[in-house]
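Here's the structure we're looking at; comments come further down.
Where a number appears in this text, it was derived from the coordinates with a stated rule and is not lab data. What you see is a predicted model; the values in this text were computed from it and never measured. Cβ atoms come from the backbone with ideal geometry, glycine included; neighbour counts cover every protein chain shown.
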Amino acid sequence: MSKQNTVIALTKGRILDEVLPLFERAGIAPLEDINSSRKLIFDTTMPNVQIMVIRGSDVPTYVEFGSADLGVVGKDLLMEYGSEGFYEPLDLRLARCRLMTAAPVGASPVAGRIKVATKFANITRRYFAEQGVQIEVIKLNGALELAPSMGLADIIVDIVDSGNTLRANGLEPLQLIAQISSRVIVNKAAMKMKHAVIGPLLQQLAEAVEASNRA
Ligand code: AMP
């Protein structure tokens, strides 16, 4: 891959579906349908700009080390894995959701150390430490909603959008930990070296965000 290319790291699923229309407004569209391809890197309508598709939790790593020049990633992952290694210049205000605690509907408060199941171990530890509440984190990778009814945890910390997933599993949201949305992150060296491409791109994305929030 030529270092002259500017590489944008995106994630399949919700972020890709919501972010591609915004990139299109900024003049960048993949030359083939990403969702129906097994390829991981795509040329775009903008010469020398490529889109790569990787796991959300890998986006910060690729951008920090400069294999991708910029990326789009949820604030939840930035809060969990740290955001010191790159710039975070733009909130796309997409894929919005909330990071919340949730417990079985009507459950009484737990006496003593609370068992909390979550994918977000660092955020959870920080949040409860700030509250001065003693917890034990149980790190899971999915299906968190099952943990309380299976006796693994008292509560969970998870992403909530409509609240349907919690409700379907007999849980209710309790405390708001953070509002989450998709952020653009940029490699620090690329911000200087490739400013001729990245500067206008950020500007166009910011204008597209403003336009879609006015619409
Ligand atoms: P909901 O049932 O609408 O509250 O959606 C909750 C589930 O969808 C969560 O367990 C998340 O895994 C997923 N989810 C919803 N919104 C997002 C988002 N913006 N980013 C990542 N995952 C999300």
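Computed quantities for the displayed model
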item: Computed Rg/Rh of the range 88-133, alpha carbon atoms with Kirkwood Rh; result: 1.07
item: Debye-sum result for the range 125-215 in log10 I(q)/I(0), which assumes one identical scatterer on each alpha carbon, at q = 0.12, 0.16, 0.19, 0.23 Å⁻¹; result: -0.66, -0.83, -0.93, -1.18
item: Antiparallel DSSP beta bridges within the range 97-178, percent to nearest 5; result: 55
item: Debye intensity ratio in log₁₀ form over the Cα atoms of the range 6-47, taken at each q of 0.23 Å⁻¹; result: -0.80
item: Alpha carbon centroid spacing (whole Å) that separates the range 167-190 from the range 69-87; result: 12
item: Viscosity 1.002 mPa s, 20 °C: Kirkwood-radius Stokes-Einstein D of the range 97-178 over Cα pairs, µm²/s; result: 172
item: Antiparallel %, DSSP beta bridges [both residues in the chain], to 5; result: 60
item: Listed pairs Lys75/Lys194; Lys12/Lys115; Lys12/Lys75; Lys39/Lys192; Lys119/Lys188; Lys75/Lys119 exceeding 26 Å between Cα atoms; result: Lys12/Lys115; Lys39/Lys192; Lys119/Lys188
item: Computed helical MRE - 222 nm, the chain, DSSP H runs ≥ 4 contributing -39500 (n - 2.57), nearest 500; result: -9500 deg cm²/dmol
item: For the chain, built as a Gaussian network whose Cα springs stay under 10 Å, the top-fluctuating residue of Ile177, Ile123, Ile156; result: Ile177
item: Stokes-Einstein translational diffusion, the range 36-121 - Kirkwood Rh over all Cα pairs, 0.890 mPa s, 25 °C, in µm²/s; result: 151
item: Local net charge near Arg125, Cβ-Cβ under 11 Å (Lys/Arg +1, Asp/Glu -1); result: -1
item: Share of pairwise Cα separations in the chain, more than 25 Å, in percent; result: 44
item: Counted charge near Phe42, where neighbours are those whose Cβ lies closer than 13 Å (Asp, Glu -1; Lys, Arg +1); result: 0
item: Net charge, Leu166 excluded, C-beta distance under 13 Å - Lys, Arg +1, Asp, Glu -1; result: -2
item: 10 Å-binned pair-distance histogram of the range 24-83 (Cα, whole percent); result: 21, 47, 30, 3
